[in-house]
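> Here it is, the structure in full.
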Amino acid sequence: SQIQQLIRLALGLEKDLELMPNVVGQFKDDRGNVRRVGLGVGTPDLVGILAPSGRLFALEVKSDDGRTRPEQKVCHERWRARGAFVAVVRSPDDAKAALERARQGESQ
């Protein structure tokens with residue numbers, strides 16, 4: 001989405017963050033078998049690593065009126081319980097604020 005691209009641009013120059021899009025989907029291979037790609041259902045849109053700790057940093061990107069689906073909420077809580085930072089963001093400014101919270105050791 002456009003918001004996701006703007007967030008990637010806004011955080012792209014942060015030297016302590018490696019951030020990548022998480023493309024989730026499925027396709028049929030040449031034998032007709034369904035193959036899934038990405039980290040799985042409910043996983044955040046952007047996933048990265050925060051240096052120097054190596055902590056997982058993840059952002060769920062939503063529009064102004066977008067809602068988090070139940071499977072996303074479950075995934076986010078599971079990741080947080082294991083030490084990851086996961087936040088729902090709606091703009092580049094939200095994403096920058098989330099990065100600051102992650103640097104402070106918060107979980108969301």
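The values are calculated or read from the model by the stated rules, or taken from the named source; none is laboratory data. Please read these numbers as outputs of a predicted model, since none were measured by experiment. Don't worry about glycine lacking a Cβ; one is built from the backbone with ideal geometry, like all the others, and counts go over all protein chains shown. What goes into the accessible areas is simple: the full protein's heavy atoms, side chains included, and nothing from ligands, DNA or RNA. Shrake-Rupley method; radii C 1.70, N 1.55, O 1.52, S 1.80 Å.
> Tell me, please, whether a residue that is more than 18 Å from L9 (Cβ to Cβ), within 13 Å of the chain's Cα centre (by Cα) and exposed (fewer than 15 other Cβ atoms within 10 Å of the Cβ) can be found in segment 31-38.
Our first condition is that a residue be more than 18 Å from L9 (Cβ to Cβ); within segment 31-38, this holds for 31-38.
Still in the list and also within 13 Å of the chain's Cα centre (by Cα): 38.
Add one more test, that the residue is exposed (fewer than 15 other Cβ atoms within 10 Å of the Cβ), and what stays is 38.
Within segment 31-38 (the criterion being more than 18 Å from L9 (Cβ to Cβ), within 13 Å of the chain's Cα centre (by Cα) and exposed (fewer than 15 other Cβ atoms within 10 Å of the Cβ)), the answer is yes, since at least one residue qualifies.
> Mind telling me which of the residues Q108, Q104 ends up being touching a residue at least 24 places away in the same chain (Cβ under 8 Å), open to solvent by 90 Å² or more (accessible area, probe 1.4 Å) and of a type in the set (S, T, N, Q)?
Q108
> Report whether or not L9 is hydrophobic (A, V, I, L, M, F, W, C) and within 13 Å of the chain's Cα centre (by Cα). Steps first, answer last, please.
Working: hydrophobic (A, V, I, L, M, F, W, C): yes; within 13 Å of the chain's Cα centre (by Cα): no.
When the stated conditions are applied, L9 does not pass them.
Residues are listed down the side, and each one gets a yes or a no for (1) closer than 16 Å to R90 by Cβ; (2) open to solvent by 80 Å² or more (accessible area, probe 1.4 Å); (3) touching a strand residue (DSSP E or B) at 6+ places or on another chain (Cβ under 6 Å); (4) of a type in the set (S, T, Y):
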site: P44; (1), (2), (3), (4): yes, no, yes, no
site: I49; (1), (2), (3), (4): no, yes, yes, no
site: A58; (1), (2), (3), (4): yes, no, yes, no
site: R67; (1), (2), (3), (4): yes, yes, no, no
site: P70; (1), (2), (3), (4): no, yes, no, no
site: H76; (1), (2), (3), (4): yes, no, yes, no
